[in-house]
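The block underneath contains the structure these notes are about, expressed in structure tokens.
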Amino acid sequence: TVDVFEGMTLLEFSKRTGESLAVLQSILLNVGETVGSEFDAISIDVAELLAMEIGINVKRQHTTEGSQILPRPPVVTVMGHVDHGKTSLLDALRNTSVAAKEAGGITQHVGAFVVGMPDSGPSITFLDTPGHAAFSEMRARGAAVTDIVVLVVAADDGVMPQTLEAIAHARSANVPIVVAINKCDKPGANPERVKNQLAAEGIELEDIGGNVQVVEVSAMKSTGLDKLEEALLLEAVDMDLKARVEGPAQAYVVEARLDKGRGPLATIIVKAGTLVSGHHVVIGSQWGRLRAIRDMAGKQTDRATPAMPVEIEGLKGLPMAGDDVIVVESEERAKMLSEGRKRKYERDRLLKAEEARVAEAEKKE
Ligand code: GTP
Ligand code: MG
């Protein structure tokens, strides 16, 4: 894998990849890009396209040189066993009632919400994940894109299989956990038992001298919510979260769906830069022009800044959850990159299938 960045020269690219200038020039000719000499700068998109054509993986490096780096809100993912009250807890934090409207009372997708803190303090971006056993992949993704995991454990039910799974995801993503022991209003609630169970799993709760904060809450009675918010903001302050605000946006897809009237829609969270309506984007191997950007309340907005979840409209195809969103300068670039990536994904897929076939054949011998 080689690093590519905006404004690198063709010569630099040639040196990094070990590909001859002649070959690179002929690829450029083929895709209709003109580069006068090897000392001319190429854009990051052209660099990625070249790399794909010669079969090299790239990592796009965005320089933050000269741009302002400012504090950003934390992204917090709520995880835990099915029915332990994750959606209810978010509802209580936002004064809404999503949980009651869910089919069968079970969350089946990843939802994104912004919760404003009292006294116009910093906001927190929350991701809600399903607790049902079938949705392990969504939990893994949720843990991978978040700053903090809120582990919800029902006080009457205790540590269960998907509690353990959530802990494992948080650990493998190296994300700190804040424990919320929920349903403390219930007669059968036993928070101490939950704490002991978590301690037995190696969670170093602060009650016993560790650094994992634990808060007792009731989503139903709306108790302990201020303590939970406090704990999250404290955790976030320790992490000193910052992002570049100006310049082209980078974002990732939380979920995508097809709407009958509006076409492919994606919920994305901005990582850096500012997403602006009208810009051209490439998402995985899909592309589009941002026809509309809506905040999580459905209100149209013309821009989105770091940690903001928004829904975007105007994509030509359906991207996948977890895909990166990048902004490119024109429709031509967007199409070019999207086509290049499609070809690369297809090559990678065939290569993998071939490897699997060979491995299978060797096993038989
Ligand atoms: P999945 O997303 O399907 O994993 O469930 P969830 O963790 O989001 O649980 P949800 O918020 O849907 O709540 C499950 C049930 O627990 C609902 O019937 C809630 O009313 C109830 N519940 C949630 N929080 C509390 C609480 O603090 N106290 C009591 N008594 N019940 C609660
Ligand atoms: Mg839920």
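The values are calculated or read from the model by the stated rules, or taken from the named source; none is laboratory data. A quick note: this is a predicted structure, and the numbers were derived from the prediction, not measured. Quick reminder, even Gly has a Cβ in these numbers, built from the backbone with ideal geometry, and neighbours come from all protein chains shown. Each accessible area value is taken on the protein alone, full model and side chains, heavy atoms only, with ligands, DNA and RNA left out. Shrake-Rupley method; radii C 1.70, N 1.55, O 1.52, S 1.80 Å.
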**Item:** the stretch 253-284: number of residues that are in contact (Cβ under 8 Å) with a residue 60 or more places away in the chain and open to solvent by 20 Å² or more (accessible area, probe 1.4 Å)
**Value:** 4
**Asked** outside any loop (DSSP other than H, G, I, E, B), over 30 Å from Met336 (Cβ atoms) and modelled with pLDDT of 85 or more - does that describe any residue in the stretch 59-67?
**Response** no
**Request:** Answer with yes or no whether Arg72 is within 16 Å of ligand 2 (Cβ to nearest atom) and out of contact with any helix residue (DSSP H, G or I) (no Cβ under 8 Å at 6 or more places or on another chain).
**Result:** no
**Complete:** Within the stretch 84-106, residues touching a strand residue (DSSP E or B) at 6+ places or on another chain (Cβ under 9 Å) and modelled with pLDDT of 80 or more come out as His84, Gly85, Lys86, Thr87, Ser88, Leu89, Leu90, Ala92, Leu93, Arg94
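Listed here are the residues, each with its yes/no results for (1) over 19 Å from Asp45 (Cα atoms); (2) in contact with a Pro (Cβ under 6 Å, 6 or more places away or on another chain).
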{"residue": "Ile269", "(1), (2)": "yes, yes"}
{"residue": "Gly273", "(1), (2)": "no, yes"}
{"residue": "Gly284", "(1), (2)": "no, yes"}
{"residue": "Gly314", "(1), (2)": "yes, no"}
**Request:** From the list Glu38, Glu33, pick out the single residue that is within 34 Å of the chain's Cα centre (by Cα) and either exposed (fewer than 12 other Cβ atoms within 10 Å of the Cβ) or part of a loop (DSSP other than H, G, I, E, B) (or both).
**Result:** Glu33
**Prompt:** Restricting the search to the stretch 129-159, which residues are without any contact (Cβ under 8 Å) to a residue 24 or more places away in the chain and more than 14 Å from ligand 1 (Cβ to nearest atom)?
**Reply:** Glu137
**Item:** Condition broken by Ser123, with the remaining ones in (1) more than 9 Å from ligand 1 (Cβ to nearest atom); (2) closer than 22 Å to Met239 by Cα; (3) touching a helix residue (DSSP H, G or I) at 6+ places or on another chain (Cβ under 6 Å) satisfied
**Value:** (3)
**Message:** Whether any residue in the stretch 82-91 is open to solvent by 60 Å² or more (accessible area, probe 1.4 Å) and within 15 Å of ligand 1 (Cβ to nearest atom) is what I want to check.
**Reply:** yes
**Request:** Sort out which residues of the stretch 171-203 are within 19 Å of Thr87 (Cα to Cα) and modelled with pLDDT under 95, and write them in order of number.
**Result:** none
**Fill in**
Reported set for the stretch 320-365 where residues are farther than 19 Å from Val253 by Cα, open to solvent by less than 80 Å² (accessible area, probe 1.4 Å) and assigned to a loop (DSSP other than H, G, I, E, B) is Ser330
**Request:** Look through Val78, Val98 and report the one residue that is more than 30 Å from Leu28 (Cα to Cα), within 15 Å of ligand 1 (Cβ to nearest atom) and either basic (Lys, Arg) or open to solvent by 20 Å² or more (accessible area, probe 1.4 Å) (or both).
**Result:** Val98
**Request:** Among the residues of the stretch 93-104, write down those that are in a helix (DSSP H, G or I) and within 18 Å of Gly131 (Cα to Cα).
**Result:** Ala99, Ala100, Lys101, Ala103, Gly104
